[in-house]
């Protein structure tokens, strides 16, 4: 009921309150984060905040949900049909969102490490739902990329599955390394792409010599 009242607020007012929560929760653990700081920065009373959300916990979970939604926003698609162009565009899309929503990314990272019993189970459920969505998106992208390859006729299904697992693991390695410093990813993007291409070429063209 009260949440519905919040959703009916003007967008700029809602965004100010959400930003205040994300800023505070992204820099501190749940127990250390202060609703006094949040409400002071938002220009509202604590009573108003709790009227909208009921408790600090519910507001924390709401901010986490908002952060995750922004980090899976669909950016405008580009018409790319080459195997490497498809997977590199997917990576750049992920990091562009991390750069655009840096506070949200930091909140998600903090939430992943959060151990406070008051929010532990609920935030894990929210994170699990996010992971399901991102895995589905990753699988869809990788399937499109693999479809652009001229695979051998035999065992196409197994080869596709193996490539999706292998390339997905490589991409996730770089996403993990640079998730808190997306600008550094863009600075090194060409070198990173070369490294990924080298890894993937091992899978595509093999590393074992054929018998002469």
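Please treat every number below as a calculation from the coordinates, not as lab data. Please read all numbers here as calculations on a predicted model, not as lab measurements. Note that we place each Cβ from the backbone using ideal geometry, even for glycine, and neighbour counts take in every protein chain shown.
Relative contact order, whole percent, for the range 2-69 stands at 39, derived from Cα pairs under 8 Å and 6 or more residues apart. Computed from the C-beta positions of residue 4 and residue 73 and an R0 of 22 Å, the FRET efficiency is 0.40 to the nearest 0.05. For the pair residue 137 and residue 191, label points projected 7 Å from Cα toward Cβ lie 2.7 nm apart. Taken over the alpha carbons of the range 93-212 as equal point scatterers, the Debye sum produces base-10 log I(q)/I(0) values at 0.09, 0.10, 0.15, 0.20 Å⁻¹ of -0.35, -0.43, -0.85, -1.21.
To the nearest 500 deg cm²/dmol, what mean residue ellipticity at 222 nm is calculated for the chain from DSSP H runs of n ≥ 4 alone, each contributing -39,500 (n - 2.57), summed and divided by the residues?
Mean residue ellipticity, 222 nm, calculated: -24500 deg cm²/dmol.
Quote the relative contact order of the chain in percent (integer), defining contacts as alpha-carbon pairs under 8 Å separated by 6+ residues. Provide the component values of the computation, followed by the final result.
Details: 160 pairs, mean separation 47.0, N = 212.
Rounded, it is 22 percent for the chain.
Extension gain for the segment residue 172 to residue 127, taken as residue separation times 0.36 nm less the Cα-Cα distance, is 14.6 nm to one decimal.
One chain, two ends: residue 99 and residue 48. Fully extended at 0.36 nm per residue, the span grows by 15.2 nm beyond their Cα-Cα distance.
Distance from a point 7 Å along Cα→Cβ of residue 115 to each backbone N in the range 1-31: keep the residues under 18 Å and list them by number. Taking a point 7 Å out along Cα→Cβ of residue 115, the residues of the range 1-31 whose backbone N falls under 18 Å are 28-31. The separation of the range 28-76 from the range 115-171, counted between C-alpha centres, amounts to 29 Å.
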